[in-house]
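A short write-up of the structure that comes next.
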Amino acid sequence: MADPNLPEPAPYAILMTLIGPVVSAGVGVVMRHAQRAATGKPFSLRRLSFELPSVIGLGIMGGALGDWLGAAETVRWGLAATLGYLGPQVVEVVFYRWIARQDPG
């Protein structure tokens, strides 16, 4: 009889680990655009579509940061959604400030 608890193949396991944070980052980006639209700024589906690469990147970053912190899966999703809401510009500024703070020279 076959063992029902066989390990998952590595690419499938990686893909399943990344789907949640990437979708969460996408939700964060949609929330940011909805907030902009609610304040009267123009909403553009074209602009939203240009953010797809940053959604993927921010989702990976949020999942990795949560993993590094040893957080639960839902916390990783929340981090990814927060990064998506903040956007790549804010994440870049925070990252460079953190690097400058770590630099002893």
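The values are calculated or read from the model by the stated rules, or taken from the named source; none is laboratory data. If you're wondering where the values come from, they're calculated on a predicted model, not measured in any experiment. Cβ placement follows ideal geometry from the backbone for every residue including glycine, while neighbour counts extend to all protein chains displayed. Note: areas computed on protein heavy atoms with side chains; ligands, DNA, RNA excluded. Shrake-Rupley method; radii C 1.70, N 1.55, O 1.52, S 1.80 Å.
Hey, any hits in region 93-105 for a residue that's farther than 18 Å from VAL22 by Cα, open to solvent by 70 Å² or more (accessible area, probe 1.4 Å), of a type in the set (Phe, Trp, Tyr) and not in a helix (DSSP H, G or I)? Taking every residue of region 93-105 in turn, none turns out to be farther than 18 Å from VAL22 by Cα, open to solvent by 70 Å² or more (accessible area, probe 1.4 Å), of a type in the set (Phe, Trp, Tyr) and not in a helix (DSSP H, G or I). Within region 45-59, being open to solvent by 80 Å² or more (accessible area, probe 1.4 Å) and in contact with a Pro (Cβ under 8 Å, 6 or more places away or on another chain) holds for no residue.
Count, please, the residues in region 12-31 that happen to be within 14 Å of SER54 (Cα to Cα) and open to solvent by less than 40 Å² (accessible area, probe 1.4 Å). Counting residues in region 12-31 that are within 14 Å of SER54 (Cα to Cα) and open to solvent by less than 40 Å² (accessible area, probe 1.4 Å) gives 7. Annotation for region 4-11: no member residue is open to solvent by less than 80 Å² (accessible area, probe 1.4 Å) and at pLDDT 80 or above. Among the residues of region 32-44, some residue qualifies, meaning at least one is surrounded by fewer than 10 Cβ atoms within 10 Å (Cβ to Cβ), on the phi < 0 side of the Ramachandran plot and of a type in the set (S, T, N, Q).
With respect to VAL55, is the statement that it is over 24 Å from MET16 (Cα atoms) and modelled with pLDDT of 90 or more true? Answer is no for this residue.
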